[in-house]
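Inspection log for the structure reproduced underneath, given as structure tokens.
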Amino acid sequence: MSSEEIISETIAFVKETLKGAEGGHDWFHIQRVYTNAKKIAASEPVDELVVALGALLHDIADAKFYDGDETVGPKIATDFLNRLGVHEGIIEQVVNIITNISFKNSLSPDGPKVRSKELQVVQDADRLDAIGAIGIARAFNFGGFKNRELYNPNIAPKLNMSKEEYKKSSAPTINHFYEKLLLLKDKMNTSTGRILAKQRHQYMLDYLAQFENEWNGNL
């Protein structure tokens, strides 16, 4: 099976698997990350098939929707790619991306065992979709999905959380900007990722300033 056929089969599999998924982690999120990853990969020395499969499968079973079980996604991806006859070495690299891409895993003192260039590219692509206008929409969509407050001035953002604290957090959505989203610009791995993140980061700062002024009746 050619790379093009593998990617085509993977796209069909992801679309079917994520039918009815929460709006911030649905097929359209995957499609945007895939597009971003290809853009970033164009200027990086990477295996393009690994990047494509990593981007397409990175949220095939996001642990937050599986009671925090981080083994489900890698297993689903491995079983699927094995059925396609994908080389074992490629599968290992894709699983490494799925296992280590999330922000919460960057909070673990251990960190990823293999920090490949392909992981860096897909991670940047995923982080780009977490910031800017799309990032704002996704944050409030997930907050509504979890029935969280928009904002509560009596609950301060909690910085420097551990992985477990982050996973258990049920703080208002505005806190998520300070606890994660505004930190992503400086965590980009690639030069292209850093360039693309700057404008999206500024957009969030402008939004938060507007939000605060409206909240306090200053506008």
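Laboratory data are not the source of any read-out in this text; all were calculated from the coordinates shown. Every value quoted in this text rests on a predicted model; they were computed, and no experiment measured them. Glycine also receives a Cβ, built like all others from the backbone with ideal geometry; neighbour counts cover every protein chain displayed.
Each of 65, 145, 27 was placed along the dipole of the chain (beta-carbon charges, centred on the mean Cα), and the one lying farthest toward the positive end is 145. Could you tell me the distance between the Cα centroids of the stretch 161-219 and the stretch 1-73, to the nearest Å? Using only Cα atoms, the two centres lie 24 Å from each other.
Evaluated with a Cβ-only charge set (Lys, Arg +1; Asp, Glu -1), the stretch 3-215 carries a dipole of roughly 540 debye about its Cα centre, given to the nearest 20. Angle check, please: helix 27-41 long axis (alpha carbons) against the longest principal axis of the chain (alpha carbons), in degrees 0 to 90, nearest 10. Long axis of 27-41 versus the principal axis of the chain: about 70 degrees.
When Lys and Arg each count +1 and Asp and Glu each count -1, what net charge do the other residues less than 14 Å away from residue 44, Cβ to Cβ, add up to? Walk me through the numbers on the way to the answer.
Numbers: positive: 38, 39, 115, 117, 194; negative: 47, 48, 118, 124.
Summing Lys and Arg as +1 and Asp and Glu as -1 gives +1.
From the coordinates of this entry, mean projected area of the Cα convex hull in nm² is computed, and it appears in (1) 12.1; (2) 13.8; (3) 14.8 under the label (1). Relative to the longest principal axis of the chain, what angle (0 to 90°, nearest 10) does the C-alpha long axis of helix 191-215 take? Roughly 30 degrees, rounded to the nearest 10. In a fully extended conformation the segment linking residue 164 and residue 137 would gain 7.2 nm over its present Cα-Cα distance, using 0.36 nm per residue.
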